[in-house]
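The values are calculated or read from the model by the stated rules, or taken from the named source; none is laboratory data. Predicted, not measured: the structure shown is a model, and the values here were computed from it. Neighbour counts are summed over all protein chains in view; Cβ atoms, including those assigned to glycine, are modelled from backbone coordinates with ideal geometry.
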Amino acid sequence: MPEQQVVVVGGGVAGAAVAFAAARRGLAVTVVDAACPGPATAAGAGIVQPWSAATDGPYHDLYAQAAAHYPQVLDRLAEAGVGSVDFRRTGSLVVSADPGVLTAAEQRLARRRAAGAPTGVVERLASVQARELFPPLAPGLGAVYVPGGGRVDGRTLRDGLLSGARTHHAVVRPGRAVLVPAGGAPHVRIETPDGTDELAPDAVVVAAGAGPTRCSPRSGAGSASSPSAGRSPTCASTASTPATGPACCRWPGTTSSRSTTRGWWPVPPARPAAASTSG
Ligand SMILES: Cc1cc2nc3c(=O)[nH]c(=O)nc-3n(C[C@H](O)[C@H](O)[C@H](O)COP(=O)(O)OP(=O)(O)OC[C@H]3O[C@@H](n4cnc5c(N)ncnc54)[C@H](O)[C@@H]3O)c2cc1C
């Protein structure tokens, strides 16, 4: 049977994860990324702590399974020669000025821990203790400390997943993808400043994020993504990411060219934390 061809539109963390998983299973994967401005993957705080979320049901189940999947993904990436993903079990804080909100979060955490969630032993902290762990916190916020919480640098995860996908023979192509209706799976036209090319895969996965409509891969007359000869590349044609970002988006302790500082987050090494509001 001929190799199944899959095109993944979008090389953010979602598309990169799909590409790695599909390429690892032996599918012939092409990732197309337009380097649209403002990808969520470069902006995300990277907090990995689903267990205090107020939502139950399929959304929470997927969220929790994804968080629990990190060690396995990192192992699979290591097998593919990728060891550069910055994921840490930092512990995390749920913070609120309202004690009732924290109590409700504690109850959800206890319920999910009893069902097997790897929260660790959850602790209620007074404001002063919470600020010791996370100095930027405003005074007056109480907290629930969740030792199982972690933090990931989405950019290193995305780059690692793409690199792992390449190890499994995926191809990553710069360019803007436009879906062209066809009999089965749509064709994918790839637009670059040097010209266009059209692929006819067996399946297309659109993981184009929630970015600007000018990057939308949807086809259709009059839409922002309809073909337009000579269109200036509002989406850059390389897959590079911005070299710097706002200080609040920098990953503490990163030694890449992006930043060598610990930014605003001088977390004590013994029990560091990532903070989020409850919800
Ligand atoms: C401020 C902020 C904080 C966040 N904090 C957290 C957090 O603490 N924890 C957490 O779990 N999540 C967090 N998130 C959410 C998380 O970052 C996103 O869910 C995730 O990064 C989405 O990844 P993505 O690949 O879907 O999208 P993106 O990273 O936006 O990637 C989409 C990609 O598609 C490409 N693209 C778009 N259109 C086309 C096209 N037509 N052709 C080719 N390529 C195209 C773009 O160039 C881009 O690279 C946060 C997000 C933000 C914005």
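Quick one: ASP33 ticks every box in (1) within 12 Å of the ligand (Cβ to nearest atom); (2) closer than 27 Å to LEU109 by Cβ bar one, so which box is it?
Of the numbered conditions (1) within 12 Å of the ligand (Cβ to nearest atom); (2) closer than 27 Å to LEU109 by Cβ, the odd one out for ASP33 is (2).
Which numbered condition in (1) near the ligand (Cβ under 8 Å from one of its atoms); (2) free of Cβ contacts under 8 Å to residues at least 40 places away in the same chain is the only one that LEU27 fails?
That leaves (1) as the condition not met.
Could you check the range 158-169 and list, in sequence order, the residues that are of a type in the set (Gly, Ala, Ser) and touching a Lys or Arg at 6+ places or on another chain (Cβ under 9 Å)? Full working, then the answer.
Keep residues of the range 158-169 that are of a type in the set (Gly, Ala, Ser), which gives 160, 163-165.
GLY164, ALA165, listed by residue number.
Which residues, counting only those in the range 11-24, are within 11 Å of the ligand (Cβ to nearest atom) and part of a helix (DSSP H, G or I)?
Our first condition is that a residue be within 11 Å of the ligand (Cβ to nearest atom); within the range 11-24, this holds for 11-19.
Listed by number, the residues that qualify are VAL13, ALA14, GLY15, ALA16, ALA17, VAL18, ALA19.
Go through the residues of the range 159-169 one by one and say whether even a single one is loosely packed, with under 15 Cβ neighbours inside 10 Å, more than 20 Å from the chain's Cα centre (by Cα) and within 21 Å of ALA21 (Cα to Cα).
Of all residues in the range 159-169, those loosely packed, with under 15 Cβ neighbours inside 10 Å come to 169.
From the residues that got through so far, the ones that are more than 20 Å from the chain's Cα centre (by Cα) too are 169.
Now drop any that are not within 21 Å of ALA21 (Cα to Cα), which leaves 169.
Yes, some residue in the range 159-169 is loosely packed, with under 15 Cβ neighbours inside 10 Å, more than 20 Å from the chain's Cα centre (by Cα) and within 21 Å of ALA21 (Cα to Cα).
Restricting attention to the range 69-88, does a residue exist that is more than 12 Å from the chain's Cα centre (by Cα), touching a residue at least 12 places away in the same chain (Cβ under 8 Å), more than 28 Å from ARG112 (Cβ to Cβ) and within 11 Å of the ligand (Cβ to nearest atom)?
Among the residues of the range 69-88, not one is more than 12 Å from the chain's Cα centre (by Cα), touching a residue at least 12 places away in the same chain (Cβ under 8 Å), more than 28 Å from ARG112 (Cβ to Cβ) and within 11 Å of the ligand (Cβ to nearest atom), which makes the answer no.
If you check VAL8 against the conditions, is it near the ligand (Cβ under 7 Å from one of its atoms), surrounded by 18 or more Cβ atoms within 10 Å (Cβ to Cβ), assigned to a strand (DSSP E or B) and in contact (Cβ under 8 Å) with a residue 60 or more places away in the chain? Write out each step before concluding.
Details: near the ligand (Cβ under 7 Å from one of its atoms): no; surrounded by 18 or more Cβ atoms within 10 Å (Cβ to Cβ): yes; assigned to a strand (DSSP E or B): yes; in contact (Cβ under 8 Å) with a residue 60 or more places away in the chain: yes.
Judged against the criteria, VAL8 is not a match.
Out of (1) at pLDDT below 95; (2) away from the ligand (no atom under 11 Å from the Cβ); (3) over 28 Å from PRO147 (Cα atoms), the odd one out for TYR59 is which?
Among (1) at pLDDT below 95; (2) away from the ligand (no atom under 11 Å from the Cβ); (3) over 28 Å from PRO147 (Cα atoms), the lone unmet condition for TYR59 is (3).
Quickly run through the range 188-203 and pick out the residues that are more than 11 Å from the ligand (Cβ to nearest atom), closer than 23 Å to ARG24 by Cα and outside any loop (DSSP other than H, G, I, E, B).
Start the filter on the range 188-203 by keeping residues that are more than 11 Å from the ligand (Cβ to nearest atom), which leaves 193-203.
If we keep only those that are closer than 23 Å to ARG24 by Cα as well, we get 199-203.
Answer for the range 188-203, where residues must be more than 11 Å from the ligand (Cβ to nearest atom), closer than 23 Å to ARG24 by Cα and outside any loop (DSSP other than H, G, I, E, B): LEU199, ALA203.
Just give me the residues in the range 125-143 being within 26 Å of the chain's Cα centre (by Cα) and either among the aromatic types (Phe, Trp, Tyr) or part of a strand (DSSP E or B) (or both), in sequence order.
Taking the range 125-143 and keeping what is within 26 Å of the chain's Cα centre (by Cα), we get 133-137, 143.
Residues satisfying the conditions are PHE134, ALA143.
Assess whether GLU106 counts as being closer than 30 Å to LEU161 by Cβ and surrounded by fewer than 20 Cβ atoms within 10 Å (Cβ to Cβ). Write out each step before concluding.
Values: closer than 30 Å to LEU161 by Cβ: no; surrounded by fewer than 20 Cβ atoms within 10 Å (Cβ to Cβ): yes.
No, not satisfied.
Just to be sure I understand, how many residues within the range 107-124 are in a helix (DSSP H, G or I), of a type outside the set (Lys, Arg) and more than 19 Å from GLY142 (Cβ to Cβ)? Explain how you work it out, then say what you get.
Here is the first cut: in the range 107-124, the residues in a helix (DSSP H, G or I) are 107-114.
Next cut, of a type outside the set (Lys, Arg) only: 107, 109-110, 114.
Keeping just the survivors that are more than 19 Å from GLY142 (Cβ to Cβ) gives 114.
Total meeting the criteria: 1.
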